[in-house]
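Every number here is computed from the coordinates shown, using simple stated rules; none is lab data. Bear in mind that the values here come from a model prediction, so they are computed numbers and not experimental data. Cβ coordinates were reconstructed from backbone atoms using ideal geometry, including for glycine residues, and neighbour counts include every protein chain displayed.
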Amino acid sequence: MTIGIPKEYFVSGMEAGVESSIQEAIRTFEKLGMKIQEVSLPNTQYALPVYYLLLMAEASSNLRALTVRASVSLFQKMQRT
């Protein structure tokens with residue numbers, strides 16, 4: 001089994017404890033016989049902006065759905081009275 005380790009994830013300013021934990025995990029995988037291969041994910045820089053874009057779109061969609069459900073519920077209650 002081969003495990004890809006994205007080089008873009010090891011950036012300056014990474015907390016030392018996090019990096020050491022990852023390096024320890026990599027050593028453990030190697031001891032278990034797994035091959036570790038450095039890979040590149042060049043579009044990693046866009047991950048956070050895209051996440052926030054999708055987050056806002058999903059929130060907007062959910063609010064719209066809730067508004068429609070509330071409107072239908074209110075309409076049904078008004079019909080019963």
Residues satisfying the stated conditions in the stretch 4-23, i.e. loosely packed, with under 10 Cβ neighbours inside 10 Å and part of a helix (DSSP H, G or I) = ALA16, GLY17
Just need a number here: residues in the stretch 40-81 that are aliphatic (A, V, I, L, M), loosely packed, with under 10 Cβ neighbours inside 10 Å and in contact (Cβ under 8 Å) with a residue 24 or more places away in the chain.
-> 0
Would you mind telling me which numbered condition in (1) in contact with a helix residue (DSSP H, G or I) (Cβ under 6 Å, 6 or more places away or on another chain); (2) surrounded by fewer than 10 Cβ atoms within 10 Å (Cβ to Cβ) GLN37 fails?
-> (1)
Output yes when any residue across the stretch 41-64 is within 16 Å of ILE5 (Cα to Cα), part of a loop (DSSP other than H, G, I, E, B) and in contact with an Asp or Glu (Cβ under 7 Å, 6 or more places away or on another chain), and no when none is.
-> yes
